[in-house]
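Asker: Starting off with a structure, shown below.
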Amino acid sequence: MTRWLGWGMVLMMLTVTLGACATMSEPEPTLYKRLGGREGIRGVVDDFVAFLVADPRVKDRFTKLTPAQVEKLKTNASDQICDATGGPCSYLGKDMKAAHTGMNITEADWSATVEDLIKALDKRNVAKKDQQELIGLLAPMKKDIVGQ
């Protein structure tokens with residue numbers, strides 16, 4: 001009888017353990033990983049800047065930049081997205097208010113820029129859920145960009 005009781009306890013523990021394992025799932029990868037890491041983010045940023053330069057609504061802000069300034073913009077944007085999405089990067093550029101002071105960015109400029117970012121994300125086949133998460137992370141910056 002004791003032997004059956006021992007086996008019963010073992011079976012019960014196995015059932016509970018296996019049941020717990022079945023309900024546990026792998027944690028979802030960070031947005032950084034879902035965007036493709038540094039390479040994926042840089043690809044999105046490269047496309048984003050290309051869309052900005054081609055967009056008649058905002059291109060004047062970008063076509064005057066030197067190649068070195070464009071590279072700095074891309075590096076800063078990539079680092080900022082990497083940092084915000086859980087990646088190993090640190091954004092070391094200016095805060096958004098200081099970076100945009102005197103630029104007189106309007107609501108229309110902001111909207112065009114967000115649309116161009118979404119086009120870049122679409123081009124890179126980023127899932128809509130991930131796009132929304134990224135936009136949600138970046139949206140609070142609006143108050144420090146528009147109207148400065």
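Throughout, read-outs are computed from the coordinates displayed, never taken from laboratory work. The structure presented is a predicted model; accordingly, all values stated were derived computationally and were not measured. Virtual Cβ from ideal backbone geometry, glycine too; neighbours counted across all protein chains shown.
Asker: Checking the a/c ratio against 1.5 first, then a/b against b/c, what shape does the Cα gyration tensor give for segment 30-145?
Answerer: Rounded, since a/c falls under 1.5.
Asker: Taking the Cα centre of segment 30-145 as origin and charging only Cβ (+1 Lys, Arg; -1 Asp, Glu), how large is the dipole, in debye to the nearest 20?
Answerer: So the dipole magnitude of segment 30-145 works out to roughly 100 debye.
Asker: Follow-up question, since we're still on this one. Just want the ordering: 35, 117, from fewest to most Cβ atoms lying within 10 Å of their own Cβ.
Answerer: Ascending Cβ contact count within 10 Å gives the list 117, 35.
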